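Reviewing the structure listed below.
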Amino acid sequence: MGYEGILASTLAVACIVGESQQGATPQSITDAVGKEWIATNGKLKAMFLQAANHHPEDWVLRGETVFQTVQLHGCSVGKDGLWRVRADFEVTGPSGELYVPASSKEVTKDAGEKGETAVYVGLSVPVGPDAPIGKYIVRARVQDLVAGTTVIVRQFYEVVPTVPH
């Protein structure tokens with residue numbers, strides 16, 4: 001069963017000044033349960049943040065909405081003083097099928113604004129009443145379009161039929 005579309009996606013932008021290293025080897029950190037929630041490529045660093053609506057064990061009930069946010073640091077500033085970032089999100093369901101089709105977000109932001117420390121790119125996915133029970137994987141491919149560097153991070157959540165005890 002595929003998701004018909006994304007009901008809401010949000011973007012908020014900020015970025016720290018930094019030069020990404022061309023030719024750097026991308027690296028990711030995988031935690032004890034298999035999430036590649038943080039990745040680096042030179043000075044470019046992306047990480048999934050814990051969503052406010054997530055239960056501590058990363059489960060969600062049918063009818064709830066999952067909010068996934070990637071925080072990006074180390075963006076390069078273009079000659080025009082702008083940051084340019086692109087994020088491609090997709091969600092696969094328990095049997096490996098595409099649950100949310102690829103969704104791209106591109107952000108351009110003036111690097112001269114004070115108090116900005118990171119780029120935030122978000123995706124919200126409503127979990128339908130008939131969503132299959134099981135593990136869903138959210139994949140974000142994030143690019144610094146100025147430096148030409150890319151990182152990929154993965155996060156998962158599990159749809160459960162009832163609140164676990």
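Worth a mention:
- SER95 being farther than 17 Å from ALA46 by Cα, of a type outside the set (A, V, I, L, M) and within 14 Å of the chain's Cα centre (by Cα): no
- Residue match in segment 20-35 (condition: at pLDDT 85 or above and part of a loop (DSSP other than H, G, I, E, B)): no
The values are calculated or read from the model by the stated rules, or taken from the named source; none is laboratory data. Note that this is a predicted model, so its numbers are computed, not measured.
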